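In what follows, a single structure is set out as structure tokens and then discussed.
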Amino acid sequence: MPEPGDNPTSDPPVRSMSWDAGLSHDGVMNTTALLTPEPAAPPAAGTSLIDARDLTRIWGKGNAAQVGITGVDLSVQRGDVVAVIGPSGSGKSTLGALLAGIDRPTSGSLVVGGTRIDQMKQDQLAGWRGANVGIVFQDFHLLPTLTAVENVELAIELSGSGIGRRARRNAAGEALHRVGLGGLARKLPAQMSGGEQQRVGVARAMVTQPPLIVADEPTGALDQANGHAVFELLVGLARSGSTVVVITHDLALAGAADRTVSMIDGRIADVTVRGGA
Ligand code: ADP
Ligand code: MG
């Protein structure tokens, strides 16, 4: 019997997105609703967006089993920035992929935004992901033949929302403006620095104001200054209503998160709360 998630789709180059939040009753996109700093429905304080219980991801069986994570219990409060740290191979990316709905657990339960996603079928999960998660990759994953604004726009277009071209362009342009790239909208990825490309990646992830943003080593390919700037953007997204899970090797950046989850050997070894709250 095939295990769930035996063939995980890794790193889809483009994800679909839900535009419901930005649609008025007549289907005309309201970019203000999409990009205003306030979330459409402010989260109740102290409620968790993510609840993982005994979450386990193992590939193969018996002696050949490869443990990604095992027995992970984790709750993430809405609006928090959670940093996930730990040595290479400790399960950070495995956890991130499960939380983002890119992969499915072998066992355990995972509730995100009130929805149990651990039992979802692959296509169901893809739909859920498109509506609820923004993903930022270490190596940006921009399409090289599209300009910055086209990369952000494409994500909107692929959501199948039927939103008009001009409205898409406006929303994408506004998202680029928010990440400080208003002037580079027509540049191709190859004409941009790594830091700029990652800002496009952040704009693409946040343009629909998804409840959850998952970033796997988003600063890993950047110098310190650019890495810091991208991390600050992610913190800013959390302050405007998203919940952000960011995997990082950089302990200085992790120190700016609300919580830091330390992983060792596929397990959570420690959780540090900033300010002792
Ligand atoms: P990290 O992101 O902390 O470096 P990963 O989550 O990528 O760690 O990997 C955790 C463990 O799971 C490693 O031992 C890795 O080899 C294993 N692993 C990750 N993905 C797979 C896979 N697709 N098949 C088999 N083992 C995997
Ligand atoms: Mg990793």
Task: Residues of segment 249-270 that turn out to be outside any helix (DSSP H, G or I) and surrounded by 16 or more Cβ atoms within 10 Å (Cβ to Cβ), as a count - done: 12
- [ ] Kindly indicate the residue of segment 75-100 that is aliphatic (A, V, I, L, M) and in a strand (DSSP E or B) and also farthest from L237 (Cα to Cα) among those meeting that condition.
- [x] I85
TODO: Give the residue, chosen from D118, D103, D123, that is among the acidic types (D, E), assigned to a loop (DSSP other than H, G, I, E, B), away from ligand 2 (no atom under 16 Å from the Cβ) and within 21 Å of P211 (Cα to Cα).
DONE: D118
Open item on the list: Take the conditions in contact with a strand residue (DSSP E or B) (Cβ under 7 Å, 6 or more places away or on another chain), within 16 Å of ligand 1 (Cβ to nearest atom) and either in a loop (DSSP other than H, G, I, E, B) or free of Cβ contacts under 8 Å to residues at least 24 places away in the same chain (or both) and apply them to P210. Does it pass?
Closed with: no
Open item on the list: With the structure loaded, tell me whether D118 is acidic (D, E) and within 16 Å of ligand 1 (Cβ to nearest atom) or whether it fails that test.
Closed with: no
TODO: Say whether the condition of being part of a helix (DSSP H, G or I), more than 16 Å from ligand 2 (Cβ to nearest atom), in contact with a Leu (Cβ under 7 Å, 6 or more places away or on another chain) and under 24 Å from A52 (Cβ atoms) is met by at least one residue in segment 241-248.
DONE: no
Open item on the list: Can you go through S90, S107, S75 and tell me which one is hydroxyl-bearing (S, T, Y), more than 16 Å from ligand 1 (Cβ to nearest atom) and over 30 Å from Q191 (Cα atoms)?
Closed with: S75
Open item on the list: Go through (1) on the phi < 0 side of the Ramachandran plot; (2) surrounded by fewer than 21 Cβ atoms within 10 Å (Cβ to Cβ); (3) within 16 Å of ligand 2 (Cβ to nearest atom) for P218 and report which single condition fails.
Closed with: (2)
Open item on the list: Quick check on segment 183-200. Is at least one of its residues out of contact with any Lys or Arg (no Cβ under 9 Å at 6 or more places or on another chain), of a type in the set (D, E) and closer than 24 Å to T248 by Cα?
Closed with: no
Task: Which numbered condition T145 misses (of (1) closer than 18 Å to S242 by Cβ; (2) of a type in the set (V, I, T); (3) surrounded by fewer than 18 Cβ atoms within 10 Å (Cβ to Cβ)) - done: (1)
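Here, each number is a calculation from the coordinates, and none is a lab measurement. A quick note: this is a predicted structure, and the numbers were derived from the prediction, not measured. Cβ atoms come from the backbone with ideal geometry, glycine included; neighbour counts cover every protein chain shown.
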